[in-house]
Amino acid sequence: MVLVTFPDVPEAVVCAEGEQAALDRAPEVLDVVLSGYAAEARPIPEPSDICGAPMVSTDRFGRRVGPLW
C-alpha cells in the first residue's frame, strides 16, 4: 500500500495498492478537496517547494499543486 499526502492540503489523502495507482488517483482526490475549499471560500494554498517531490495538477483548478508525500 502507498499513502500519498499533500503537505499544503492536509485533508487530501490517497491510499492505493501501488505508487502509480496512488499518483493516478491523486488529482481526483485533490480536486474534491479543493472544491470544498472553493465552496467554503477558503484560499487555495500555493504549493510548497519540496525538492524532488512529485507534483500533480487538477483539470478544474488548472495549476500544479503539491507536493505529494
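Each value in this text was obtained by applying a stated rule to the coordinates, not by laboratory testing. What you see is a predicted model, and the numbers here were worked out from it, not measured in a lab. Here Cβ is always computed from backbone atoms with ideal geometry, including for glycine, and neighbour counts include all displayed protein chains.
Cα axis of helix 19-39 to longest principal axis of the chain: angle in degrees, 0 to 90, nearest 10? Helix 19-39 and the main axis of the chain meet at about 10 degrees. Treating only the Cα positions of the chain as identical point scatterers, give the base-10 log of I(q)/I(0) from the Debye formula at each q in 0.17, 0.25 Å⁻¹. Debye output, listed in q order: -0.54, -1.14. Highest mean first, the peptides 15-21, 1-7, 28-34, 39-45 sorted by other C-beta atoms within 10 Å per residue fall in the order 28-34, 1-7, 15-21, 39-45.
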